[in-house]
Amino acid sequence: MIKLYNDFFFVNVGKEIIPCKIRGLIKRDKRSGTAIYPGDYVEISRLENNSGVIEKILPRKNLLTRPAVANIDRVILTFAAANPNFHPLLLNRFIILAEQSKIPEIVICINKIDLIEDGENFLSDYEPLYKIVRVSALTGKNIDALKKILSSGVTVFSGPSGAGKSSLLNAIDSSLNLKTGTVSKKILRGKHTTRFSELLKFANGFFVDTPGFGAVNLSDAGIDKKNLRLMFKEFGDFAGDCKFLNDCSHSHEPGCGIKSAVESGKILPERYEIYLTLLKELSG
């Protein structure tokens, strides 16, 4: 299924796009009101008017909860280097959602590097953890690198409003002509221009331009203070050194392997401070 629009589920069948309704007996998600998401594989029955009925939803390999997209091969977390200002805490909220959803490949895309000095080295501290692509939709800088990443599989573009996701996709494929917005001068935040998630064909794969977000609530995605540490993948190399092992929250306990790794420079201090901030938030 490539998109939901006006109560129809549009299903890609070969070279055709078939508008479908969903069989009433299929169980729906109580929170979202739907049982199916863009990226889902389905079985349909064809009707005489060239529409169809979704009879079955096939098992998913993963589901990104915000935005809700299924069967993803990679997520490209798209942030602006400036205008609006870059916020590491918000980036890490998106990273945690992607990690929790078990997305095989997480890429960080920094747009608008033309607005800052030394844009080619922006966020270099994160490169040991995730692939970083630094681009400019305005100048075309490094757009070819994004095209290469998008050439296969299902790729989701996700990130806050104003990061320029739709502008990037227009730079990748000008025939898309996706609607773009501007950043409010008053609140320094972007305006939401993408209204719904849709799989768009590119080369041998699909990509998804998703609605932007201003805030990300981790608890809504099923993340709590006990499993938060599992979303910081670099912690796994040192958690076994903790005195209290599985009972260590990596915050106040003595003999903590994570804290020792931070002190010795093996874990990025910024990431650890963000972990503590989110741990406090989830602790209520």
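The values are calculated or read from the model by the stated rules, or taken from the named source; none is laboratory data. Quantities reported herein were computed from a predicted structural model and do not represent experimental measurements. Virtual Cβ from ideal backbone geometry, glycine too; neighbours counted across all protein chains shown. Keep in mind that these areas ignore ligands, DNA and RNA; they rest on the heavy atoms of the full protein, side chains included. Shrake-Rupley method; radii C 1.70, N 1.55, O 1.52, S 1.80 Å.
Given the criteria in contact with a Gly (Cβ under 6 Å, 6 or more places away or on another chain) and either under 19 Å from R271 (Cα atoms) or among the polar types (S, T, N, Q) (or both), does N71 qualify?
On the way: in contact with a Gly (Cβ under 6 Å, 6 or more places away or on another chain): yes; either under 19 Å from R271 (Cα atoms) or among the polar types (S, T, N, Q) (or both): yes.
It is true that N71 is in contact with a Gly (Cβ under 6 Å, 6 or more places away or on another chain) and either under 19 Å from R271 (Cα atoms) or among the polar types (S, T, N, Q) (or both).
Checking S219 against (1) hydroxyl-bearing (S, T, Y); (2) surrounded by fewer than 18 Cβ atoms within 10 Å (Cβ to Cβ); (3) modelled with pLDDT under 55, which test does it fail?
With (1) hydroxyl-bearing (S, T, Y); (2) surrounded by fewer than 18 Cβ atoms within 10 Å (Cβ to Cβ); (3) modelled with pLDDT under 55 applied to S219, the lone miss is (3).
Would you pick out the residues in the stretch 44-61 that are of a type in the set (D, E, K, R) and more than 11 Å from C20 (Cα to Cα)?
Those that are of a type in the set (D, E, K, R) and more than 11 Å from C20 (Cα to Cα): E48, K56, R60, K61.
Could you give every pair whose Cβ atoms fall below 8 Å, whose first residue belongs to the stretch 81-109 and is in contact (Cβ under 8 Å) with a residue 24 or more places away in the chain and outside any strand (DSSP E or B), and whose second residue is open to solvent by less than 10 Å² (accessible area, probe 1.4 Å) and of a type in the set (D, E, K, R), counting only separations of at least 6 or pairs across chains?
That search, which allows pairs on different chains as well, returns N92/R271.
Does at least one position in the stretch 245-253 carry a residue that is part of a loop (DSSP other than H, G, I, E, B) and at pLDDT below 85? Explain how you work it out, then say what you get.
To start, the set of residues in the stretch 245-253 that are part of a loop (DSSP other than H, G, I, E, B) comprises 248-253.
Next, only the ones that are at pLDDT below 85 stay: none.
So far as the stretch 245-253 goes, no, none of its residues is part of a loop (DSSP other than H, G, I, E, B) and at pLDDT below 85.
Return the total of residues in the stretch 117-157 being in a strand (DSSP E or B) and open to solvent by 80 Å² or more (accessible area, probe 1.4 Å).
Just the residues of the stretch 117-157 that are in a strand (DSSP E or B), to begin with: 131-134, 152-157.
Filter once more, keeping what is open to solvent by 80 Å² or more (accessible area, probe 1.4 Å): 131.
The number of residues fulfilling the criteria is 1.
Does any residue of the stretch 8-26 turn out to be among the small types (G, A, S), out of contact with any Pro (no Cβ under 6 Å at 6 or more places or on another chain), modelled with pLDDT of 95 or more and within 23 Å of K201 (Cβ to Cβ)? Write out each step before concluding.
First, pick out the residues of the stretch 8-26 that are among the small types (G, A, S): 14, 24.
Remaining after also requiring out of contact with any Pro (no Cβ under 6 Å at 6 or more places or on another chain): 14, 24.
Then keep just the ones that are modelled with pLDDT of 95 or more; that gives none.
Within the stretch 8-26, not a single residue is among the small types (G, A, S), out of contact with any Pro (no Cβ under 6 Å at 6 or more places or on another chain), modelled with pLDDT of 95 or more and within 23 Å of K201 (Cβ to Cβ).
Just one of (1) open to solvent by 20 Å² or more (accessible area, probe 1.4 Å); (2) modelled with pLDDT under 95; (3) in a helix (DSSP H, G or I) trips up D114, so point out which.
(2)
Collect the residues in the stretch 254-270 that are among the basic types (K, R) and either open to solvent by less than 50 Å² (accessible area, probe 1.4 Å) or part of a helix (DSSP H, G or I) (or both), keeping them in residue-number order.
Start the filter on the stretch 254-270 by keeping residues that are among the basic types (K, R), which leaves 259, 266.
Listed by number, the list holds a single entry, K259.
For the stretch 1-61, please list each of the strands (runs of 3 or more DSSP E) lying entirely inside it that holds at least 1 residues being in contact with a strand residue (DSSP E or B) (Cβ under 9 Å, 6 or more places away or on another chain), of a type outside the set (D, E, K, R) and open to solvent by 100 Å² or more (accessible area, probe 1.4 Å). It would help to see each step written out before you state the result.
On the way: elements: 3-5, 8-13, 16-22, 42-46, 52-57.
So the answer is 3-5.
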